[in-house]
Amino acid sequence: MMAFLFPRPAAILIAALPLCFSESTFAEPEAGEVIPLWEDGAPGFEDRKDEPEVVKGHSVTNIHYPTLTAFRPPKDKANGVAIVIAPGGGLRKLGVQGGGIEPARFLASHGYTTFVLKYRLSRQPGVPYKFEEHLLQDGQRAVRMVRHLAKDFELKTDKIGMLGFSAGGEVVSITCYKPGEGKADTEDPVDRLPAKPNFQMLVYPGPVGIPSSLPEDTPPAFMVIAADDNHTSVLLNLMHRFREIGVDYETHIYARGGHGFGLGKRSKRLSIQKWPERMLDWLHDEVLNEIPK
């Protein structure tokens with residue numbers, strides 16, 4: 001296993017470490033490899049990389065040093081597919097447990113190499129970050145970084161996708177729909193790589209990040225939402241527009257479930273509890289094996 005020697009702890013949230021001011025504690029997650037998107041700090045904000053984050057419950061705020069935390073699958077199950085996971089939180093906080101660590105562990109247990117993205121927050125009061133600039137930058141850099149590390153993690157560079165929950169789905173959307181060509185003239189080898197994901201998975205996403213016209217190279221999509229979620233129209237709109245430009249997609253709209261059900265473990269509804277199985281089915285058919293009709 002490759003060792004990453006970076007000035008950050010080996011897990012997203014460890015309340016006892018001095019990096020964070022914790023207002024409450026919770027069970028320490030299984031340690032993963034923490035990979036800074038930029039070792040010296042985000043471009044233009046390098047002087048803020050050492051500012052402490054704030055942990056409250058299962059959420060994080062005051063993020064100025066964006067990172068990926070990797071969860072490797074068991075060696076006998078690894079399939080070479082990578083998934084960057086963007087947690088939700090309304091762009092005001094980051095709910096890294098239910099929309100990050102839990103799905104990362106679940107997918108890793110089924111053979112997928114997962115990377116939980118800790119991105120900057122554009123709606124947290126007092127921060128200088130803009131969604132269309134800095135969060136796009138974090139999303140694109142995350143995909144490029146995973147491609148850069150493909151050899152070390154034994155990944156297929158054409159099977160790198162993103163999964164986003166709620167506002168994390170907005171980060172996935174803007175990353176998928178903006179141009180993502182590599183920058184050939186840069187000295188940074190990471191930025192020479194393409195930033196467009198090969199597939200996208202959206203779980204009750206918000207509407208931000210979706211342009212008026214979708215690009216022809218929009219990645220295929222898997223989407224999940226409940227009909228009683230206020231954002232259901234986002235997926236209905238995307239379904240129509242995907243059909244217009246010939247993008248493959250699969251959508252599950254459940255009768256009830258509300259917003260923020262995560263992997264569904266806390267729901268009393270069997271359909272919500274079992275939606276992650278539908279995600280695995282789609283990944284098997286459309287990404288892992290590309291099974292034809």
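Evaluated against (1) in a loop (DSSP other than H, G, I, E, B); (2) touching a helix residue (DSSP H, G or I) at 6+ places or on another chain (Cβ under 8 Å); (3) touching a residue at least 24 places away in the same chain (Cβ under 8 Å), Tyr129 falls short on exactly one condition, (3). Within the set Gly258, Gly264, Gly246, the sole residue that is of a type outside the set (D, E, K, R) and without any contact (Cβ under 8 Å) to a residue 12 or more places away in the chain turns out to be Gly246.
Checking each residue in segment 74-119 for being aromatic (Phe, Trp, Tyr) and over 21 Å from Phe131 (Cα atoms) picks out Phe106, Tyr112. Filter segment 40-79 down to residues that are closer than 19 Å to Lys151 by Cβ and charged (D, E, K, R) and give me whichever is surrounded by the fewest Cβ atoms within 10 Å (Cβ to Cβ). Ranking the candidates gives Lys75 first. If you scan segment 177-202, which residues turn out to be in contact with a helix residue (DSSP H, G or I) (Cβ under 9 Å, 6 or more places away or on another chain) and closer than 13 Å to Leu238 by Cα? Result: Gln200, Met201, Leu202. Kindly establish whether Leu135 is under 20 Å from Ile35 (Cβ atoms) and surrounded by 24 or more Cβ atoms within 10 Å (Cβ to Cβ). So Leu135 passes the test. Val96 satisfies every condition listed in (1) aliphatic (A, V, I, L, M); (2) within 21 Å of Ala42 (Cα to Cα); (3) at pLDDT 95 or above except (3).
The values are calculated or read from the model by the stated rules, or taken from the named source; none is laboratory data. Source: prediction; values computed, not measured. No Cβ is skipped: glycine too gets one built from the backbone with ideal geometry, and neighbour counts run over all protein chains shown.
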